[in-house]
Structure formats: C-alpha cells, structure tokens
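Heads up, the thing below is written out as structure tokens.
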Amino acid sequence: MKLSIVIPCYNESKTIREIVKKVIEADIAPLEKEIIVVDDGSDNGTRDILRKDIEPIVDKVIYNQKNMGKGASLREGFKASTGDLVIVQDADLEYDPDDYHILLKPILEGKADVVFGSRFMGGEPHRVHLFWHYLGNRLLTTLSNMFTNLNLTDMETCYKLFKRDILMSIDLTENRFGFEPEITAKVARIKGVRIYEVGISYYGRGYEEGKKINWKDGFRAIYVILKYGIFIRRNN
C-alpha cells in the first residue's frame, strides 16, 4: 500500500525544508510514501527553495500560477496523488509527521475509512496559546456537528486521512480554508462511511510566526457549514 502526503504551501520559506525532511523520515512501514508539494503562488523565495532543494527529494511539486487558496491547492494535489491512502500535511510545522502511525492505525486495522486527528483529545504534547483561536475552533466544530450528526472534537484539524476511493468520490469546490467544513460535511453524507478520530500532538504558532487563518475565514467556515448542512440534501 502507498500513502500519498499532500503538502499545500504558501510563503513557507522558513519551514518547508524541515517539514519535508520530517515527512521523509516519518516511519510508516510497511507502507510506501508519495510526497506531493503544491506551491500556492509563493512570492517570498519559497519557490526557489522548492526548485533547488525540494524537487529532487519528493515525488512531485506543483506550482499554482497565482495564490488560489488551501482548498484549491489540495484539489490539485489530490488529483496528482496515486496512493491507496491520502493525508493532508500543512507546511508550517504545527503538525508532526511522527503522528502518521497513530492516524493510520484504524484504517490499517480495517476499522475506518476516514481518520481525523484531534488537537483536543489524547495525551500528546500541545502548545498552549491563542485562547480565541481555540474557542473559534470549538464553536465551528460544534456547529458542524449539529448539521453532520458527528461528534468530532476538532473539525478544523489539518490531519485528515482518507481511503483514496472515498476522497475521489467527493466533488470539492471551496478554495480557501472552507475546505475543512466542506469535506467534513461531504464525508459525513457518504452512506456507510466509517469515521474515526485520534489524538495528535500540536505545535501551534502565532500570527507573528506566520499563521494565516483569520476571522474572515471563520465567517466563511460558518457560511460553508450552513451551505452544505442546510441547502445540500443528504445523500442516502
């Protein structure tokens, strides 16, 4: 089996080398790895690093001609992936690839089709900061759960792992951070899908360290939750 790791990247010149190194070193035996980096129109030197240092050591680097957003970048990465399983990996070092084995376990044991990594459950290390960001995440997760009838603790998590056939059956349209509530809502509609959640570590960063999501994205997430929770009929 092969795990495709899709890394959306925008202006991550300070972290892209290290995150790719961590992904390469992560032990997921006996699975093979496919590493796909999608650069979303970076303009701070990230592209030079990708061309010089990253292209030779990963399977594919895709370059968006302009900044299109995380969701749009992930669509490009998903289309290029060939693995039996696909996972999202942010490029900012907030999420640790050493947690892949935790996420893979329910699928490899034949219990799950989709696995979410939760920053709010389990005993793994978590950086303590940004109370209002935490509160916003919990509110969005609660609202999402109300419409999906799931009991997730962290809908906004980066770490989402999919069986390939599940992921490829979903038509994704959101271009920015609305990807998270959109894919959660659409996965929840798949009849018979088995969704698991596992605790992961989290090394969050502040806005002065390069964090990009903001309050506007929070309002967009609310709109997306309502859009796919109310106006799209459940597929049963």
Taking 0.36 nm per residue of separation between residue 170 and residue 24 and subtracting their Cα-Cα distance, the length gained on full extension comes to 49.8 nm
Residue-wise, which Karplus ³J(HN,Hα) couplings in Hz belong to region 24-34, taking 6.51 cos²θ - 1.76 cosθ + 1.60, θ = phi - 60°, and x for glycine or proline? 4, 7, 4, 8, 10, 3, x, 6, 8, 10, 10
Stokes-Einstein, Kirkwood over Cα pairs, region 1-120, 37 °C, 0.692 mPa s; D in µm²/s equals 225 µm²/s
Go through 70/163; 105/160; 21/66; 79/191; 21/163 and tell me which ones have a Cα-Cα distance over 18 Å in this structure. 70/163; 21/66; 79/191; 21/163
Just to confirm, what accessible area per residue do you get for the chain at 1.4 Å probe, in whole Å²? 48 Å²
Over the chain: Rg over Rh, Cα atoms, Kirkwood Rh: 0.93
FRET efficiency (residue 138, residue 191; Cβ distance; R0 22 Å; to 0.05) is 0.20
Expected-Rg normalisation [2.2 N^0.38 Å, Cα atoms] applied to region 80-135: 1.34
How large is ³J(HN,Hα), in whole Hz, for each residue of region 186-193 in order, when computed from phi with the Karplus curve 6.51 cos²θ - 1.76 cosθ + 1.60 and θ = phi - 60°, using x for Gly and Pro? 6, 5, 4, 7, 6, 5, x, 5
Amide H to amide H under 5 Å from residue 202: which residues, 5+ apart in sequence or cross-chain, H placed 1.01 Å off N in plane? 126, 127
Percent accessible area from carbon and sulfur atoms, the chain, protein chains only, probe 1.4 Å: 53 percent
Provide the descending list of Cα extents for region 67-168 along its principal axes, expressed in whole angstroms. 39, 38, 31
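The values are calculated or read from the model by the stated rules, or taken from the named source; none is laboratory data. In this text, all values refer to a predicted model and were calculated from it rather than measured experimentally. Here Cβ is always computed from backbone atoms with ideal geometry, including for glycine, and neighbour counts include all displayed protein chains. All accessible areas refer to the heavy atoms of the entire protein, side chains included, with ligands and DNA or RNA removed. Shrake-Rupley method; radii C 1.70, N 1.55, O 1.52, S 1.80 Å.
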